[in-house]
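The values are calculated or read from the model by the stated rules, or taken from the named source; none is laboratory data. Just so you know, these numbers come straight off a predicted model, no measurement behind them. As a convention, Cβ positions derive from the backbone with ideal geometry for all residues, glycine included, and neighbour counts pool all protein chains shown.
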Amino acid sequence: MQSYYKPTLDPERARAVWKSMQSRIVAQGVVQHVGAVAWLRFVVLSALLAGVLWVTWTHATVLGLGLGALATALLLAQFAFLGHDAGHGGLHRKSALNSLLGQLCMTVVTGMAFGEWYSRHTAHHRHCQDEEQDPDMEVSVVVSLTENAARTKGRIGRWFTRQQGWLVWGLSLLFAHSQRHLAQWGALRQPLRYWADLVGLCVHFGLWFALPVLVLQVDLKIAVLVYTLPLFVLGPYLAAIFWLNHIGMPLVRGTQGLSFLEHQAATSRTITNPKQWDWFFGGLNYQIEHHLFPSVPSFRLYRVQNIVRTAFAQDGIVYNGSGFVAAVRSVALHFRGVAKAL
């Protein structure tokens, strides 16, 4: 049975705890902007991606395409992590520079319409695990994240839901494709609002198709393979990161009487892996910390963890930390539980 969270912490006390944590974070310099580091990282990633794409375009053997897809997927993920930080305003003091970097990383490089994506992502943070308002919980047909979503699906959707205990892992191959197309379609539906995304997408398709085909004389079929294959690798990779953040955590019905701190802490799951694996998760394994302090750059969230855990322990607030394997098991059990509820 899907559980709904019931507030237990006085909102005023919760606000005081959050402010105390914020003061300690500021005192440690964690929230200082890192624009120069971010742009250096962008330049290095761009050079690496250009090299990988050139080799893959010009050495399009089965082995070359496979290795190229793997390397490209890992690099695209790093661009997405950097664009995510830019969206939260944690890299520059000026919002225009954050937006520029976000557009370059996500729209131009990965094909994710940055402005459209961030509009939904902001709503996700504000309404996390509220199935009526959290856009990340809106899955139209193939998966049901809640029992209510399963019951409201049509015949095809209910069939998929009954199979999702095993089918969802195969569907993760399409996860990156679906996220890219969702953002692109959203930008196309509101061209005046997301005009910058559309301009960036024109550059994106020019770099991924016009450049190799018209300038480097790469066969169009090869260009299409180089464009699409990495996303089949990127999908399971991103699923291994983002599905663990919230799936299976308690739902909320609105936020009335629920403090910001308790809302974010109760609906998020931090993956307590060894620090040397933070690069794999892009720093977003610290999901509780990220939701409490979204403007902190993801590569600094590890410095926030001890502050949060100490404050939670002092006030008896549950810290939802889990190892990677245990988190995967929880997500799998949740998918199977929703399927069995039909």
Exercise. State all residues of the stretch 143-157 that are buried (at least 17 other Cβ atoms within 10 Å of the Cβ), assigned to a loop (DSSP other than H, G, I, E, B) and of a type in the set (Gly, Ala, Ser); if no residue qualifies, say none.
Key: SER144
Quiz item: In the stretch 90-142, which residue that is within 25 Å of LEU201 (Cβ to Cβ) and among the acidic types (Asp, Glu) is surrounded by the fewest Cβ atoms within 10 Å (Cβ to Cβ)?
Solution: GLU138
Practice problem: Within the stretch 300-328, work out how many residues are over 23 Å from THR8 (Cα atoms) and in contact (Cβ under 8 Å) with a residue 24 or more places away in the chain. | Solution: 8
Exercise. Inspect all residues belonging to the stretch 233-254 and state whether any of them is on the phi > 0 side of the Ramachandran plot and not aliphatic (A, V, I, L, M).
Key: yes
Quiz item: Counting only residues that are of a type in the set (Val, Ile, Thr) and modelled with pLDDT of 95 or more, which one in the stretch 44-60 is nearest to THR228 (Cα to Cα)?
Solution: THR56
Exercise. Could you check SER23 against (1) exposed (fewer than 14 other Cβ atoms within 10 Å of the Cβ); (2) modelled with pLDDT under 95; (3) among the hydroxyl-bearing types (Ser, Thr, Tyr) and say which number it fails?
Key: (2)
Quiz item: When ALA339 is evaluated against the numbered criteria (1) crowded, with 17+ Cβ neighbours inside 10 Å; (2) closer than 26 Å to PRO236 by Cβ; (3) at pLDDT 95 or above, which criterion, by number, is the only one it fails?
Solution: (3)
Self-check item: Pairs with Cβ under 7 Å, 6+ apart, first in the stretch 209-232 and more than 16 Å from THR61 (Cα to Cα), second assigned to a loop (DSSP other than H, G, I, E, B) and of a type in the set (A, V, I, L, M)
Solution: PRO212/VAL218
Quiz item: What number of residues in the stretch 119-142 are modelled with pLDDT of 90 or more and part of a loop (DSSP other than H, G, I, E, B)?
Solution: 8
Self-check item: Subset of the stretch 155-174 [touching a residue at least 60 places away in the same chain (Cβ under 8 Å) and among the charged types (D, E, K, R)]
Solution: ARG158, ARG162
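Residue-wise test of (1) out of contact with any Gly (no Cβ under 8 Å at 6 or more places or on another chain); (2) assigned to a helix (DSSP H, G or I).
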{"residue": "GLN164", "(1), (2)": "yes, yes"}
{"residue": "TRP169", "(1), (2)": "yes, yes"}
{"residue": "ALA176", "(1), (2)": "no, yes"}
{"residue": "PRO191", "(1), (2)": "yes, no"}
{"residue": "VAL199", "(1), (2)": "yes, yes"}
{"residue": "GLN217", "(1), (2)": "yes, no"}
{"residue": "GLY235", "(1), (2)": "yes, yes"}
Quiz item: Looking at the stretch 251-260, is at least one residue closer than 19 Å to GLY323 by Cα and buried (at least 23 other Cβ atoms within 10 Å of the Cβ)?
Solution: no
Self-check item: helices (runs of 4 or more DSSP H) fully within the stretch 252-342 counting 2 or more residues that are under 30 Å from PHE160 (Cα atoms) and touching a Lys or Arg at 6+ places or on another chain (Cβ under 8 Å)
Solution: 324-340
Quiz item: Before we move on, is VAL304 modelled with pLDDT under 95 and buried (at least 21 other Cβ atoms within 10 Å of the Cβ)?
Solution: no
Practice problem: Could you look through the stretch 237-250, keep only residues that are of a type in the set (Gly, Ala, Ser) and not in a loop (DSSP other than H, G, I, E, B), and pick out the one that is surrounded by the fewest Cβ atoms within 10 Å (Cβ to Cβ)? | Solution: ALA240
Exercise. May I ask you to list pairs of residues, at least six apart or on different chains, whose Cβ atoms are under 7 Å apart, with the first in the stretch 190-206 being closer than 13 Å to TRP117 by Cα and the second being surrounded by fewer than 13 Cβ atoms within 10 Å (Cβ to Cβ)?
Key: LEU198/PRO191
Quiz item: Does any residue in the stretch 259-272 that is farther than 8 Å from ASN285 by Cα and in contact (Cβ under 8 Å) with a residue 60 or more places away in the chain come within less than 9 Å, Cβ to Cβ, of a residue that is of a type in the set (Asp, Glu) and part of a helix (DSSP H, G or I) six or more places away or on a different chain, and which pairs are these?
Solution: SER259/GLU12; SER268/GLU289
